[in-house]
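The values are calculated or read from the model by the stated rules, or taken from the named source; none is laboratory data. Because the structure is predicted, anything quoted here is derived from the model rather than measured. Note: ideal-geometry Cβ built from the backbone for every residue, glycine included; neighbour counts use all protein chains shown.
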Amino acid sequence: MGKDKFMTAQEAVRMVRDGDSIAVTGNGGGIMEPASLFEALEKRFLEEGHPAGLTLTHSAGIGDKDCGGISRFAHEGMIKRVVGGHWGWSPKMQQMANENRIEAYNFPQGIIAMQYREIAAKRVGLITQTGLKTFVDPRVSGGKLNNAAREDLVELIEMDGKEWLRYKTYPLNIALIRGSIGDAQGNISMIYEPAYLEALAIAQAVHNCGGKVICQVKFAAQAGTLDPKHVRIPGILVDAVVVCPDQQQSTEGEYNPALTGDLKMPFEAIPPMPLDQRKIVARRAAMELRSGTIINLGFGMPDGVARVASEEGIADQVKMTIEQGIIGGVPASGAIFGVAYNADAMIDGPSQFDFYSGHGLDMTFLGLAQADSRGNVNVSKFGPTIAGAGGFIDISQTAKKCVFCGTFTAAGLKTEVKDGKIHILQEGRVKKFLKDVEHITFSGEYARENGQSVLYVTERAVFEMTPEGLVLREIAPGIDLERDVLAQMDFAPLMPDTPKLMDARIFAPEKMGLKG
């Protein structure tokens with residue numbers, strides 16, 4: 001039977017020792033974030049100076065761009081090393097990385113999620129082609145974000161005449177994870193969570209390394225009363241259950257049943273997007289949708305594709321997926337991107353990345369922060385801003401078709417859609433189509449070698465990657481080719497033919513009448 005595993009957050013974080021290696025769950029918008037455990041651990045460090053010298057591993061972005069999430073660890077001496085998939089939600093941790101106060105690494109989200117299983121199984125590492133010819137390739141930077149990161153955590157190997165990357169495994173001592181209900185034996189249900197992420201894989205990895213697994217939940221249950229079909233983490237893996245009655249499903253509220261599949265909301269309840277530059281990009285991208293395809297949607301501007309598909313009544317003709325393990329439905333946007341309304345299925349994150357890595361996706365829609373003449377894309381690092389790759393590399397390298405979505409310039413761009421045309425009211429101060437991107441998150445060379453179809457969609461122009469380079473295929477009505485496109489680029493795109501006008505329906509207020 002064993003002893004009761006319930007304890008307070010303060011008691012639970014006493015298990016963490018100096019030098020421990022911690023793995024945590026969480027996703028933007030407070031999803032699956034054990035916030036009370038983070039807060040208790042931070043409080044202990046600020047009061048005692050312990051635990052110190054920690055290694056932190058997290059696959060997704062966690063935080064509120066202020067003091068929450070992994071910013072709870074952003075104190076001098078508390079953290080020695082961070083291996084993060086996405087850094088954008090914690091400016092404080094970014095600052096520590098930029099100042100070389102921690103050893104900072106950025107690995108693809110899927111790599112980290114799947115690597116937990118390699119650690120659990122005591123295998124030699126995760127061997128994959130994901131990351132080749134991007135910044136995580138050791139021939140580029142090996143995922144290192146600063147000079148303090150000296151240890152090589154990924155190596156290039158050759159097997160069967162092909163190049164591979166081996167992401168090395170390392171011990172994990174502490175798991176800080178989350179669920180919905182926990183019983184006295186440590187069994188954990190996630191029945192009210194909108195995603196499962198990699199909680200089970202982390203628990204297995206830490207347990208098999210001889211560490212301690214601490215799980216935050218909203219409700220306590222009597223031992224033996226949980227439906228075994230609802231137990232996502234068995235009690236044999238869990239050392240402490242911390243009950244936090246004020247735990248929120250996300251930063252948007254205590255509980256939304258449409259995010260867990262407990263009800264199906266009408267798609268009409270999702271408001272249409274206003275006709276602005278964001279919708280222009282989403283509409284043009286959505287024109288690439290084909291009935292029956294399995295797609296992925298990335299964070300930011302690409303999530304508008306879901307709203308356009310919903311507005312056009314074709315959301316049920318494609319299967320939308322997101323890397324957090326959601327299949328079907330319509331992904332939510334904004335801070336809680338990573339969950340979906342009316343999902344068909346929810347699986348764990350590592351399994352979703354298995355599917356992606358095996359080329360299961362027909363198409364993906366991803367963000368576009370910088371692009372260059374060779375087709376490379378950067379979404380991970382711009383000067384001192386460390387956004388992190390998230391699942392971008394895992395997804396973009398294996399989808400059969402990539403559609404990158406973003407505005408043509410950044411920082412101050414203002415546009416107006418009027419009379420079937422788009423007008424540039426104020427040009428952005430920052431060019432996004434550069435001679436060379438600052439960070440290679442997507443490798444055009446790798447894509448060409450593997451025969452991927454790649455489009456770059458903006459509010460005023462559409463480009464296609466070809467073996468010869470980037471070709472300008474379309475421009476928007478109301479746009480001057482020389483002034484608004486060519487003069488705003490640091491390289492000359494190829495134009496074997498006169499670019500055609502983008503579809504007029506994109507710029508009209510009524511529905512486009514898209515067919516899947």
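Structure notes:
- Of all residues making up segment 477-516, the number that are more than 25 Å from Gln452 (Cα to Cα), in contact (Cβ under 8 Å) with a residue 40 or more places away in the chain, in a loop (DSSP other than H, G, I, E, B) and of a type outside the set (Lys, Arg): 7
- Failed condition for Gly375, given (1) touching a helix residue (DSSP H, G or I) at 6+ places or on another chain (Cβ under 6 Å); (2) part of a strand (DSSP E or B): (2)
- Segment 41-59, subset part of a helix (DSSP H, G or I) and without any contact (Cβ under 8 Å) to a residue 40 or more places away in the chain, residue surrounded by the most Cβ atoms within 10 Å (Cβ to Cβ): Phe45
- When segment 425-450 is filtered for residues that are in a strand (DSSP E or B) and either under 22 Å from Gly412 (Cβ atoms) or of a type in the set (S, T, N, Q) (or both), the ones remaining, listed by number, are Leu425, Gln426, Val430, Lys431, Phe433, Leu434.
- Being under 22 Å from the mean Cα position of the chain (by Cα) and among the basic types (Lys, Arg) holds for only one residue in Arg150, Arg123, Arg139, Arg178, and it is Arg178.
- Matching option when the condition is surrounded by fewer than 24 Cβ atoms within 10 Å (Cβ to Cβ) and either closer than 23 Å to Ile79 by Cα or not hydroxyl-bearing (Ser, Thr, Tyr) (or both), among Gly143, Gly125, Gly179: Gly125
- Looking only at segment 379-408, and only at residues there that are in contact with a strand residue (DSSP E or B) (Cβ under 6 Å, 6 or more places away or on another chain) and assigned to a strand (DSSP E or B), the one that is surrounded by the fewest Cβ atoms within 10 Å (Cβ to Cβ): Lys401
- Look at (1) in contact (Cβ under 8 Å) with a residue 24 or more places away in the chain; (2) on the phi < 0 side of the Ramachandran plot and you find that Gly186 fails only one, number (2).
- The single residue among Gly88, Gly29 that is in contact with a helix residue (DSSP H, G or I) (Cβ under 6 Å, 6 or more places away or on another chain), closer than 28 Å to Phe382 by Cα and buried (at least 19 other Cβ atoms within 10 Å of the Cβ) turns out to be Gly29.
- Residues within segment 443-475 that are over 24 Å from Lys279 (Cα atoms) and of a type in the set (Val, Ile, Thr), tallied: 1
- Residue-level check: of (1) closer than 25 Å to Gly210 by Cβ; (2) assigned to a strand (DSSP E or B); (3) small (Gly, Ala, Ser), Ala104 misses just (1).
- Some residue of segment 126-140 being within 13 Å of Asp354 (Cα to Cα), in a strand (DSSP E or B), in contact (Cβ under 8 Å) with a residue 60 or more places away in the chain and not assigned by TED's automatic domain parsing to the domain that holds Thr398: yes
- Any chance Ile314 is over 18 Å from the mean Cα position of the chain (by Cα) and touching a residue at least 24 places away in the same chain (Cβ under 8 Å): yes
- Taking the numbered list (1) closer than 20 Å to Thr130 by Cα; (2) over 21 Å from the mean Cα position of the chain (by Cα) in turn, Gln426 passes all entries but (1).
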